[in-house]
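The values are calculated or read from the model by the stated rules, or taken from the named source; none is laboratory data. Note that this is a predicted model, so its numbers are computed, not measured. In this analysis, Cβ positions are derived from the backbone assuming ideal geometry, glycine residues included, and neighbour counts consider all displayed protein chains. Ligands, DNA and RNA are stripped out before the accessible areas are found, and what is left, the full protein with its side chains, is counted by its heavy atoms. Shrake-Rupley method; radii C 1.70, N 1.55, O 1.52, S 1.80 Å.
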Amino acid sequence: MKIDIDISEKYKEVNIIIRTKEVNKEIEQLINNIKLSSKKNIIGKLEEKIYILDLSEIYRFYGENKKIYTETKNGKFEIQNKLYELETDLNGTSFVRISKSAIVNFDKVYNMEMFFNGTMCVNFDNGKQEIVSRRYVPKIKQYLGIGGK
């Protein structure tokens, strides 16, 4: 990979151009990382107040009673994003979809437990847990680089 940087007063904003023979996983991850570097916050609502939440402080996003919430060490905040939007926006980061109703930040995971029925339990460093659906176990293993199904 070759990187060229052109610095000049004539530029009003940053313009990133990727020239490549084909778009592969490495290029897709690079694009997602660039997109994410500009988006480090998410807006959350708690008791009629609006909060700007740092993505690095978020443990998980989850659906409950037809609403989407995020959890941080400071509490549970309602957000306007849909889980499928978050999954797309956070692709290639430490946030991974683990069930139909949850996306977790693996930077906040303490450990995981495997169960005989094929599911897993994610234990966060704050003592809380989230169950991984069997359908998402291969995705988690791929993220962790432990292969196999």
One residue from LEU53, LEU46, LEU86 being surrounded by 12 or more Cβ atoms within 10 Å (Cβ to Cβ), closer than 18 Å to TYR143 by Cα and hydrophobic (A, V, I, L, M, F, W, C): LEU86
Filtered residue count, the stretch 95-143, keeping only those that are open to solvent by less than 70 Å² (accessible area, probe 1.4 Å), farther than 22 Å from GLU85 by Cβ and not polar (S, T, N, Q): 10
Residue in the stretch 119-139 that is modelled with the highest pLDDT, counting only those that are farther than 15 Å from LYS76 by Cα and among the polar types (S, T, N, Q): ASN123
